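Report on one structure; see the data block that follows.
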There are 2 protein chains.
Amino acid sequence: MNQKTEKAPTMKDIARIAGVTQATVSYVINGSEDISEAVKKKVLDTAEKLGYIPNLVARNLKKRKTNTIGIIVPDVMNSYYSEMIKYNERIIRESDYFTFICNTMHDAQIEDWYIISLIQQKVAGVIICYGLTNRECYKKLYQHHIPFVVIDDETGIEGAEAPCVLVNHKKGSLLAVKHFVSMGIKDIAYCSEPLYNKALCDRYEGFNNAIREFGLENKRGRVYIAKEDNEYEKIELGYIATNEILSRGKPGGIFASTDQMAFGVIKRLNELKIAIPQDIAVIGYDNVPFSSIISPSLTTINQPIMKMCIHGTDTLYKIIKRDGSIDLKATLEPNIIIRQSAPKINKLAVN
Amino acid sequence: MNQKTEKAPTMKDIARIAGVTQATVSYVINGSEDISEAVKKKVLDTAEKLGYIPNLVARNLKKRKTNTIGIIVPDVMNSYYSEMIKYNERIIRESDYFTFICNTMHDAQIEDWYIISLIQQKVAGVIICYGLTNRECYKKLYQHHIPFVVIDDETGIEGAEAPCVLVNHKKGSLLAVKHFVSMGIKDIAYCSEPLYNKALCDRYEGFNNAIREFGLENKRGRVYIAKEDNEYEKIELGYIATNEILSRGKPGGIFASTDQMAFGVIKRLNELKIAIPQDIAVIGYDNVPFSSIISPSLTTINQPIMKMCIHGTDTLYKIIKRDGSIDLKATLEPNIIIRQSAPKINKLAVN
DNA sequence: CTGTTAGCGCATTCAA
DNA sequence: TTGAATGCGCTAACAG
């Protein structure tokens, strides 16, 4: 416990012991070429001996920039977002940056707290992995000249445009409806979390478009959108939605706006001994890992998460390094993963 | 884009405009009492007008400490750890600290990179949510006087003792075996991830103890422990383990060392149309959210995650603030959550 | 090649 | 109550 009172060794300490100037130590530590081998060795040896570790706080202050990047997600427990964290974090770490992960729970106040904190910490950039509830925050980042990119949303604020990586969710919903139709299912119900961001709005709109496109408006196409102020977990929401939908008659298929909700749907249908897919087929959205584990395994819309992350971080680095050629808006395409909950069969043909 | 070139306003700027000294601004910003209302107002107004946000990098350098805490987990995708992140992050945020989340994938090199980075960043403390693979890292933290607590492991290194929060995993395994026995099941198989930390070792040891205690050594109690150098995901591991176990005869129950593995077990048994729990009952460990969603829902050993986090952060704060009365070792008790995969029935009675 | 010097933005001691 | 002065640990001109 004696050590506890000792201060961490600084460049000054190394300089004193090695008999050189502190500036020279700095040169050596930072790998400057113009240093004689003898001095270099002496400095590195004493640094080693003292167990020297550079103080990044001081370095950052001096350089007026940090090697830290903030990642903002709404919910680390949602594997869709934890997957984003995983990919982003790896890319960032491999470029020798460090990550601040901010978990906002879609709460506007928490978002604000984190944005302010990131600005205070002078982060080099921010990756926002969903549409912020508190849209003022986009402005704040912009005003304080913090580079940022948004995945799955557009800032849509005058003078605070930022590069965004979008997924063609309307197409995703179309793929789902199309698949139901190919199975011979025409009465399709839709359930969704509250529409608190662009991704969920687009999925809903895409569903409506597809229904119209296939001329299914009169085929009992029904919709359940959860209210914004509910306190339920996402899975419970699917459970509740299923009850709601069934109370108005049994559809041929249920399309859930997220896998989390689809899990609730499956849970409820299993409880009610309603056969999936024979009685009701189910399609989800996100392709989270568990969608392949649940029984029946879930047919779902897959988003190219890794590509989204790579594009997002690439763009962010370009802004940070002022590389110029950034595209303000990239749109990636989703695809459908067909599993047991809505397999590749034609119901009509089977009957 | 004109703004882009402007520098963020500093205390000096405020001082110049408000006609006071930079020191006075510092006093006002930090809420000193001994400042006249007039000056206070003038300073705060110009700060507001300029959109001043304090530079934490500078403040941290001056105060020689930061308000940042590191959280180290092996895998953000594992909901057991993301739950820990969620609780810890909330507690930390509410105490106005900021979180560095480090995702190591159990990789010794990544662990080392993160530990060095955290030391460089001068974090106020670190919470390690599992047993580090690279045990040298404990030493490094100690040598650099970074307060840290370990959840679910003991440092076990001479001179680098740190407070730890443990779960009585031997008891957890006992609960599982006891439940199997209460169901009339005596031939119990065990499968586990590689034993790369204390938690997994204790669970295994607890299983063996329980088997002995109930006199089941000769009842086909069999074990499958995955090799350390495999590349499989945790769920696949359970899948493989099931095949391995079945190849040596059908047990009455399978106890998996983690829910992730149990999911793989259930997946494989479902595929083989082996009825759960009628043919084989299954018990997992961790009580992750999905254990209640999967079919059949999973009987599992629950760990008091929130309590563990609260105790861990409390202890860390005590060290940071030198509060004295810390207990170096807390052990919390697990409990069993009974669901469909191993329900509360007596097989013998039913037959 | 190495030393001298001057801050980065802020907190804090000491005077006034 | 406020101002002047100092330095946290480091980088980066500029000199020599």
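Remarks
- Within segment A:27-40, residues that are closer than 19 Å to A:R59 by Cβ reach no partner that is more than 8 Å from DNA strand C (Cβ to nearest atom) and among the polar types (S, T, N, Q) with beta carbons closer than 6 Å at six or more positions or on different chains.
- For segment A:128-177, filtered to residues that are among the hydrophobic types (A, V, I, L, M, F, W, C), in a loop (DSSP other than H, G, I, E, B) and closer than 25 Å to A:F207 by Cβ, the residue that is modelled with the highest pLDDT is A:C129.
- Condition met for A:A281 (surrounded by 20 or more Cβ atoms within 10 Å (Cβ to Cβ) and at pLDDT 95 or above): yes
- Those residues of segment B:66-98 which are touching a Lys or Arg at 6+ places or on another chain (Cβ under 7 Å) and over 18 Å from B:D259 (Cα atoms), in sequence order: B:T66
- Restricting attention to segment A:47-77 and to residues that are under 30 Å from A:L200 (Cβ atoms) and not acidic (D, E), the residue that is farthest from DNA strand C (Cβ to nearest atom) turns out to be A:M77.
- A:K267, sole failed condition from (1) charged (D, E, K, R); (2) crowded, with 17+ Cβ neighbours inside 10 Å; (3) away from every other protein chain (no Cβ under 11 Å): (3)
- Some residue of segment B:257-271 being outside any helix (DSSP H, G or I) and aliphatic (A, V, I, L, M): no
- Test: residue in segment A:184-197 that is at negative phi, polar (S, T, N, Q) and at pLDDT below 95: yes
- Residues considered: B:I245, B:I254, B:I185. Of these, the only one that is in a loop (DSSP other than H, G, I, E, B) and buried (at least 21 other Cβ atoms within 10 Å of the Cβ) is B:I185.
- Within segment A:8-28, tally of residues that are at pLDDT 90 or above and under 20 Å from B:Q121 (Cα atoms): 8
- Subset tally (residues that are in a helix (DSSP H, G or I), more than 14 Å from chain B (Cβ to nearest Cβ) and among the polar types (S, T, N, Q)) for segment A:288-327: 2
- Test: residue in segment A:200-211 that is without any contact (Cβ under 8 Å) to a residue 24 or more places away in the chain and surrounded by fewer than 19 Cβ atoms within 10 Å (Cβ to Cβ): yes
- Subset of segment B:29-45 [farther than 17 Å from A:Q120 by Cβ and either away from DNA strand D (no atom under 13 Å from the Cβ) or outside any helix (DSSP H, G or I) (or both)]: B:S32, B:E33, B:D34, B:I35, B:S36, B:D45
- Candidate set: segment A:75-123, residues that are assigned to a loop (DSSP other than H, G, I, E, B) and in contact with a Gly (Cβ under 9 Å, 6 or more places away or on another chain); chosen: the one nearest to the other protein chains (Cβ to nearest Cβ): A:Q121
- The single condition from (1) surrounded by fewer than 16 Cβ atoms within 10 Å (Cβ to Cβ); (2) within 14 Å of chain A (Cβ to nearest Cβ) that B:S32 fails is (2).
- Residue check, B:V57 at the interface with chain A (Cβ under 9 Å from one of its Cβ atoms), part of a helix (DSSP H, G or I), farther than 17 Å from B:C129 by Cβ and within 16 Å of DNA strand D (Cβ to nearest atom): yes
- Of the residues making up segment B:17-28, not a single one is within 13 Å of DNA strand D (Cβ to nearest atom) and either among the basic types (K, R) or within 12 Å of chain A (Cβ to nearest Cβ) (or both).
The values are calculated or read from the model by the stated rules, or taken from the named source; none is laboratory data. In this text, all values refer to a predicted model and were calculated from it rather than measured experimentally. Because the Cβ atoms are built from the backbone with ideal geometry, glycine has one as well, and the counts that use them run over all protein chains shown.
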